[in-house]
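Everything below concerns the one structure shown next.
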Amino acid sequence: MAAQARGDATVAHTAFTAARAEVEKTMHDQPDYAQGLTALGVIDAGLGRKDDAIREGRRAVELVPISKDALDGADLILNLALIYTWTGEKNLALKQLGEAAQLPCRLDYGQLRLHPDWDPLRGDPRFERIVASLVPK
């Protein structure tokens, strides 16, 4: 992810490919492991495998809905927002991000304001409203 943020596509692709191979090993014996699926989704988004990434991210959210596990479920929604962001699905990303902003998860103002993962959403008024909703009071 660091190489991707730096714009080093070659190193990012190599790292995502290696990471994918490692996560696939875990998933072999646990095909419905939500955290593994969401990791594969983020990796596949980084590799440009849009359909796989979205399918994996959605499946992870289905496996652990917030009604079943509020903390992990919220993080899976946040990861799905990242997957949508990286695959160019801006409207879906903003929908998931807006939902995640209302839940207890690792999302905070500083992350949205500064982290390059969210650069594709910057300037969109919907994104800016979500960021503003997280300003520390």
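None of the figures in this text is laboratory data; all of them are computed from the coordinates on show. Keep in mind that what you see is a predicted model, and the values were worked out from it rather than measured. For neighbour counting, all protein chains shown are included, and Cβ atoms are generated from backbone atoms with ideal geometry for every residue, glycine included.
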ask   = Rounded to whole Å and sorted largest first, what semi-axes of the equivalent ellipsoid does the C-alpha gyration tensor of the chain yield via the square root of 5 times each eigenvalue?
value = 24, 19, 12
task = Please name whichever of GLY110, PRO120, PRO136 sits farthest to the positive end of the charge dipole of the range 93-137, dipole taken about the Cα centre and charges placed at Cβ: Lys and Arg +1, Asp and Glu -1.
result = PRO136
